[in-house]
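The block underneath contains the structure these notes are about, expressed in structure tokens.
Values in this text are rule-based calculations from the coordinates and carry no lab data. As the structure is a prediction and not an experimental result, all values here were calculated from the model. So basically every Cβ, Gly included, is an ideal-geometry build from the backbone, and we count neighbours across all protein chains shown.
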Amino acid sequence: MNAADPIVEVHGLRRVFDVSAPFISRLIAREPRRTLTAVDGADFTILRGETFGLVGESGSGKSTLARMVVGLLEASQGQVLIEGVDLARTGDKAARRAIRRRIQMIFQDPYASLNPRWRVGDIIAEPIWAFGAGDPGAGPKKRATVARVGELLELVGLHPADGRKFPHEFSGGQRQRIAIARAIAAHPDFIVCDEPTSALDVSIQAQILNLMRDLQDRLGLTYLLITHNLAVVRFMASRVGVMYLGRLVEIGETEALFARPRHPYTRMLLDAVPDLMMSGRPRTPIGGEPPNPIDPPPGCPFHPRCPRAIAICRTERPAFLDNVACHLAHDERRN
């Protein structure tokens, strides 16, 4: 496979949740059915070996999109292709199982993502057993699995003897290392990292991010990194997608996006980062609150908070053209 080939392709991905009250309550109150569109028409690709960052405010749909990409959540519309295979629609069980082995996820909370009743060695070995690469019983396969778990623990900076301990005996950073060891146990190609450092201290965050980069270089991993921390994105990602109210509003190369953001929301996200260099550049913080996703505003969803909004922004939703969804950016390009 060519390194420039996409390992993940997302086409028109949409997820709608029914948030209606129970039928009897709606009948008595004469209320209509209500829906919430968490992800609305996402389109992007992730190239082999790269880190694609996904940023946005809380509630923008990042984690919902991540769960649809790995198959933990069913899409209402659209498709996700992993190396050209649509896991939701393929009838080939062998192909689906082979692809699933190559997809893993690192969750946000290392305290909740590890089974407290299992020893660490069993937690890390579970993906090996699940995909038939080892044996939880006795014999040579069992010994090979134990040896593999010890290698994985050393790979993430822990000791093989730690496999006999329980998760509560470790710190938060060590637990996230265990979660990373579990994620790479079955030799995946693609890992979704959903806020992998947000629950950790700043100094520990740096250690975990450096570990993730080292593993990416050593194992040839591809990451989808979900975060609201722009410093993490700049350090880790080669390309960035910006989400607002369920929609991708801008995608670009990391350094280009940080230097010349094209969407007003992206520009205001960057302006919200403290200016440690004391450059004196004028900054416009994001005003107001995100609108209700159950009843979004007409036109561009960002126009109630956008200082540059014009008449068309209030009536017509911008298309996602040339990697940006903004009437102003489209006008500037035409001019």
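What to note about this one:
- Whichever lysines have a C-alpha closer than 21 Å to that of Lys142, once near sequence neighbours (fewer than 8 apart) are set aside: Lys165
- Signed unit charges on C-beta, dipole axis of the chain, positive-most listed residue Gly173, Gly220, Ile82: Ile82
- Helix runs (DSSP H) in the chain reaching 20 Å along axis by Cα, Kyte-Doolittle at least 0.0: 202-219
- Thr37, Thr51 arranged by Cβ crowding within 10 Å, fewest neighbours leading: Thr37, Thr51
- Length gained when the stretch Arg119-Arg314 is fully extended (0.36 nm per residue, less Cα-Cα span): 64.6 nm
- Using only side-chain charges placed at the Cβ, +1 for Lys and Arg and -1 for Asp and Glu, the dipole size of segment 33-119 relative to its Cα centre rounds to 560 debye.
- Relative contact order %, the chain, counting alpha carbon pairs below 8 Å whose residues are six or more apart: 20 percent
- Selection of trypsin sites (Lys or Arg not before Pro), segment 93-134, meeting DSSP coil and at most 11 other Cβ within 10 Å: Arg117
- Fewest neighbouring Cβ atoms within 10 Å first, the residues Leu72, Leu153, Leu54 line up as Leu72, Leu153, Leu54.
- Least to most buried among Trp118, Trp129 (fewest other Cβ within 10 Å first): Trp118, Trp129
- Size of charge dipole - segment 190-242 - debye, nearest 20, with Cβ of Lys, Arg +1 and Asp, Glu -1, no other charges: 200 debye
- Low-density loop cleavage sites - trypsin sites (Lys or Arg not before Pro) in segment 209-279, where at most 13 other Cβ are within 10 Å (DSSP): none
- Gap separating the Cα centres of segment 5-31 and segment 218-274, nearest whole Å: 27 Å
- Two-decimal Rg to Rh for the chain - Kirkwood Rh, Cα set: 1.01
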